[in-house]
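Every read-out reported here was derived from the displayed coordinates using simple, explicitly stated rules and does not represent laboratory data. All values reported here derive from a predicted model rather than from experimental measurement. In this analysis, Cβ positions are derived from the backbone assuming ideal geometry, glycine residues included, and neighbour counts consider all displayed protein chains.
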Amino acid sequence: MGNSLFVFAEQKEGKFKKVAYEALSLARNLADELGSEVEASIIGNQVRSLAEELKDYGADRINVVDDPSLKNCPPDLYKNILAQQIKESESRIVLLGSTALGADLAPKIGAELGASVATDCISAELQENRLTVLRSVYVSKAIARVSLENEPAILTLRTNVLPINKKEGKGEIIKKEPGDGLPDPKVVMKEIIKSSQGKKDIEEADIIVAGGRGLKSQENFALLEELASLMGAAVGASRSVVDAGWRSHDDQVGQTGKTVSPNLYIVCGISGSIQHLAGMSSSKYIVAINKDPDAPIFKIADYGIVGDLFEVVPRLTEEVKKIIA
Amino acid sequence: MEPERDVLEVDVLFVGAGPANLAGAIHLSTLIKEHNEKIEKGVLQEEAINELSIVILEKGKEIGSHTISGCILDPCTLKKLIPDYEEKTPPLKQRVGKDAIHFLTEKGKSSLPFIPGPLKNKGHYIVSLGKFVRWLAKDLEELGIDILCEFPGTELLYEDNRVIGVRTGDKGLDKDGNQKNNYEPGADILASITVLGEGSRGNLTKTYFQKFPNKKSLNPQVYAVGIKEVWKIPPSKNLTGQAIHTLGYPLDKSTYGGGFLYGMEDNHLAIGLVVGLDYKNPLLDPHLEFQRFKSHPDIAGILDGGEIISYGAKTLPEGGYYSISKPYGDGVLIVGDSAGFLDSFSLKGVHLAMESGMLAAETIFESLKKKDSSENTLKGFETRVKESPIEKELYRVRNLHQGFEKGLFPGLLNGMFQYLTKGKWGKPKEMEEGHKRMETLKDYYGGHLDKYQSGKMKFDNKLTFDKESDVYYSGTSHEEDQPCHLKLSKPDICMKECAIVYGNPCQHFCPANVYEIVEKENDGGKELKLNPANCVHCKTCDIMDPYEIIDWVPPEGGGGPLYKEQ
């Protein structure tokens, strides 16, 4: 078998997904351990210019397939292209993000290549030359340690868990054509309907300001939105306010919502049940604002303010305005 | 407009993959196999029963995910069902070595110097019922019996008065009942015989007796709710093999119930509190009472240094002999907890559930041979039950629960007398539905609500847990964008009447914080907020609501707890 690690560097509308950097960093570390190389793959339309950046994150070879037919992410074409690239490079380990696209591609490529597939992984290690991964299972209630027997081993990695490290690779860019001798796709992408315009995706955000029932009404979320827009942050929500219809399910943070790991998580009016913590506990810095001094959120907060958020948040917003000015 | 539904035709349909139906399905397969073998050998001159299709429906994600019990298993029925069970590596690793009964006060405890017969569990197994049913189910897969998980039975199908099958739940409806992209209408599963083994307060069983009130028993069924946790405790506590039952603290003399601690293998401890759902105090919170139970110095001492593994809750049918309605009809049989086969003195129902499953299987076998699944043949089920150990065991304690009407001590005395006289003591005693015994705020507290406030607790999330945290430990999850499965027929009553008269007991009696009274948006008073995704499927709300406006129906299949070791 070959000795490279293969990373699908997923991009959306000309920007890499955060998990692409995380996957590349992991690949670089594993490659250094094995004395291997890292091959990254970019697929899309008008994506040529993205390739260079991956050198900084450890890619030795960067395959670029750039073609108008690849606009709108037709999944079958992506699968065909990736499967062929993986076969050609004879990679032992393949990494993708645990995104909607990654979850779609991994099993299909796995089936085609007879690979072992593990999804939603939160870590991967080599133990005596065998790949062992940890996967989050049972709605984040347990972690399973899994070893993969077949090669290649295909992993999808959970976003916002693994670190991003800058480490230089050789950075050789290889242009590849789509379609040479590839089977016709069975699924054709007809249209992409966007759900919301111009909203920051909480999974990708570096700073999140989250609110819960303590906000008392849908209108009061304007307080958090003002603070968030000043900081370039996304606005998150607890299950409570999503259930009440005040916020969209896309913004729900927690066991049954999204898992986030921003640099800064400012949480207002959320008591901090285990279910919410499951979605944000790995945030780098947590600032909690709550008028209940016994709220469980204070146990994991790095900085806590016991106070009325209707007083504290506007004060905070004022201070941020001063810093920016 | 009625959607087009898939129709599946089977011979026998079991609803619920619990111990009763699994025993039933296994026994039925055994009877048919033996029957066909005898015919092959020429020993029997009858028609062979071939090509039988048997299906088991289960609303949980996997077998055992909704299964929870104390649990002490008397293996007597298992020995009949699978005589060589010991060679099949059953999950029966721990026998009871020592029984104890304690009477608790707030800080103290006194032990009963003797153990009444039914509570002598030495030699029985302490089990996780979930693990046990998963083991039972393994056999069935090999026998070619399909267990369809994530398939709740939502409606009984009838042809005139005959049950002809079950409709399963729709999938992929959003909060407002509109079809989502993954919409799939429920299927109609038609069967000659439907066996309802839905557990305590089964939703289909409930509708069956609403349709046929003349089949109802002398007394209504009365229930209790069991709140249980499984802990891993330090080996130094030396509780392995002990079966401890408690009375007294934290429940008062007029509240039926008691606690239990069962020392399982690997230093796992099953600990719980059972509270009768006929309590008087409208603000009683069984989950809170369980946390208080754990805070008793002796019990806190046992749990000290340990950690919680799992949480769950279920209701139990406590009415006994006179609360068992006719468990048969045209095309239908009712087994296990759904029928009410639970011995509330010995506190064990699994062996009786399995026994009832086996007797149902014998009745079905007869019905298949006669090619008659009408009441005429199926009434043979009741006859068989009356001639079985179930009758003997339940008759002996038939007025047990009624005896507690006057309080704890009269109840205990009554229970003892009845048991010692082998049930001859006591005429049939009437009983009313449990929720009718609930008193109003005015009558119970007489204006002294401070009595209640002092009962509240701060949870430390190490020994005691709030409801949301406990729900987390039950592994409960539901597809959140689906219609609410708690159907309230008159929601106006909640704030207009119940809040004033009873103080909204739902927020207290639900062990999963499904019902919350919260401030309205923009401080406009209070309202009921439902968190159906927390539901652990115990049915307490369906039972205990004083206005009888709550109807529990199954949520989308697969939702609910994910019990691993309950």
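Here is how the numbers come out for the structure above:
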| quantity | calculated |
| --- | --- |
| About the Cα centre, charge dipole magnitude for the protein assembly as shown (Lys/Arg +1, Asp/Glu -1 at Cβ), debye | 2760 |
| Centroid-to-centroid separation of the stretch A:1-29 and the stretch B:99-130 [C-alpha atoms, Å] | 59 |
| Dmax and Rg, reported as Rg then Dmax, of the stretch B:253-305 (C-alpha, Å) | 12.7, 40 |
| Mean Cα-pair separation over length for the stretch A:207-324, i.e. relative contact order, pairs under 8 Å, 6 or more apart, % | 25 |
| Cα→Cβ-extended label distance, 7 Å offset, between B:Lys88 and B:Lys41, nm | 2.1 |
| Amide hydrogen neighbours beyond the local backbone of B:Asn399, cut-off 5 Å, H modeled | none |
| Dipole of the protein assembly as shown, positive direction: furthest Cα of B:Pro561, A:Asn3, B:Cys538, with charges on the beta-carbon | B:Cys538 |
| Principal axis dimensions, largest first and in whole angstrom, of chain A by Cα | 63, 44, 37 |
| Residue order, fewest to most surrounding Cβ atoms within 10 angstrom, among B:Leu342, B:Leu156 | B:Leu156, B:Leu342 |
| Antiparallel bridges, percent of DSSP beta bridges restricted to the stretch A:4-176 (to nearest 5) | 35 |
| Cα-based convex hull volume of the stretch B:276-429 per residue, rounded to whole Å³ | 160 |
| Debye equation applied to the C-alpha atoms of the stretch B:22-148, log10 I(q)/I(0) at 0.09, 0.10, 0.16, 0.22 Å⁻¹ | -0.41, -0.49, -0.93, -1.30 |
| Euclidean distance between Cα centres, the stretch A:202-226 to the stretch B:485-533, Å | 26 |
| Positive dipole terminus of the protein assembly as shown, leading residue within B:Pro83, A:Ala118, A:Gly211 (C-beta point charges) | B:Pro83 |
| Separation of alpha-carbon centers, the stretch B:38-77 and the stretch B:340-410, rounded to whole Å | 18 |
| Where only alpha carbons of chain B are counted, the Rg and the Dmax (Å) | 23.2, 81 |
| Length released on extending from B:Lys422 to B:Ile500, taking residue separation times 0.36 nm less the Cα-Cα span | 23.4 nm |
| Cα gyration tensor shape for the stretch B:473-566, rounded if a/c is under 1.5, else prolate or oblate | prolate |
| Across B:Lys490/B:Lys539; A:Lys200/B:Lys175; B:Lys253/B:Lys487; B:Lys80/B:Lys120; B:Lys280/B:Lys529; B:Lys216/B:Lys529, pairs whose alpha-carbon gap is larger than 28 Å | B:Lys253/B:Lys487; B:Lys216/B:Lys529 |
| Total charge dipole magnitude, chain B, about the Cα centre, Cβ charges on Lys, Arg, Asp, Glu only, Debye to nearest 20 | 2540 |
| Surface/4 estimate of mean projected area, convex hull on alpha-carbon atoms of the protein assembly as shown, nm² | 42.5 |
| Convex hull of the stretch A:4-51 built on C-alpha atoms - directionally averaged projected area, nm² | 3.0 |
| Chain A: calculated mean residue ellipticity at 222 nm from DSSP helix runs of at least 4, using -39500 (n - 2.57) | -8500 deg cm²/dmol |
| Charge dipole of the protein assembly as shown about the Cα centre (unit charges at C-beta), most positive-ward option of B:Phe114, A:Ile192, B:Leu333 | B:Phe114 |
| Fewest-first sequence of B:His351, B:His478, B:His268 by Cβ atoms within 10 Å of each Cβ | B:His478, B:His268, B:His351 |
| Translational D in µm²/s for the stretch A:207-324 (Stokes-Einstein at 20 °C, 1.002 mPa s, Kirkwood Rh from C-alpha pairs) | 156 |
| Degrees between helix A:18-34 axis and first principal axis of chain A (Cα, 0 to 90, nearest 10) | 50 |
| Hydrodynamic radius of the stretch A:4-176 per Kirkwood, over alpha carbon pairs, in Å | 15.7 |
| Point-to-point label distance, A:Glu128-A:Lys194, nm (Cα→Cβ direction, 7 Å offset) | 5.3 |
| Efficiency of FRET from Cβ geometry, A:Lys321 and B:Glu362, R₀ 56 Å, rounded to 0.05 | 0.10 |
| Antiparallel bridge percentage (DSSP; both residues within chain A; nearest 5) | 25 |
| Residues B:Lys379, B:Lys539, B:Lys41, B:Lys564 arranged by fewest to most Cβ contacts within 10 Å | B:Lys41, B:Lys379, B:Lys564, B:Lys539 |
| Angle between chain A longest axis and helix A:309-324 axis [Cα atoms, degrees, rounded to 10] | 60 |
| Chain B - share of DSSP beta bridges that are antiparallel (%, nearest 5) | 70 |
| Residue-averaged 222 nm ellipticity for chain B, from DSSP H runs of 4+ at -39500 (n - 2.57), nearest 500 | -7500 deg cm²/dmol |
| 0 to 90° range, to nearest 10: angle between helix A:221-231 axis and chain A longest Cα axis | 60 |
| Cβ-derived FRET efficiency at R0 35 Å, A:Glu168 paired with A:Glu112, nearest 0.05 | 0.60 |
